[in-house]
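Here, each number is a calculation from the coordinates, and none is a lab measurement. As the structure is a prediction and not an experimental result, all values here were calculated from the model. Note that we place each Cβ from the backbone using ideal geometry, even for glycine, and neighbour counts take in every protein chain shown.
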Amino acid sequence: MRKMIGLVVFFIAIGMLLMIIIHNRLIGLIITSLLLFVGYNCFCDGW
């Protein structure tokens with residue numbers, strides 16, 4: 001559980017850095033949606 005929380009916090013930090021660099025909200029929304037979809041599939045389906 002501790003490793004999973006660390007991984008989540010790490011990727012949240014990466015996402016925040018990306019949104020500082022990318023100022024376009026549409027691209028940020030697309031990236032966020034894609035990563036949420038991939039994360040859900042990896043966590044729930046056990047890829």
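Spelling out what I want: for every residue of the stretch 8-14, take phi, set θ = phi - 60°, compute 6.51 cos²θ - 1.76 cosθ + 1.60 (Karplus), and round to whole Hz; glycine and proline get x.
After applying 6.51 cos²θ - 1.76 cosθ + 1.60, I find 4, 5, 4, 6, 5, 5, 4 Hz.
I need two numbers for the chain: Rg to one decimal and Dmax as a whole number, Cα atoms only, in Å.
My reading of the Cα-based Rg and Dmax gives 12.0, 34 Å.
Measure nothing fancy, just the Cα-based angle from helix 25-45's long axis to the longest principal axis of the chain, in degrees from 0 to 90, nearest 10.
Orientation of helix 25-45: about 10 degrees from the principal axis.
Pop a pseudo-label 7 angstrom from the Cα along the beta-carbon direction at both residue 32 and residue 2 and give the gap in nm to one decimal.
3.1 nm
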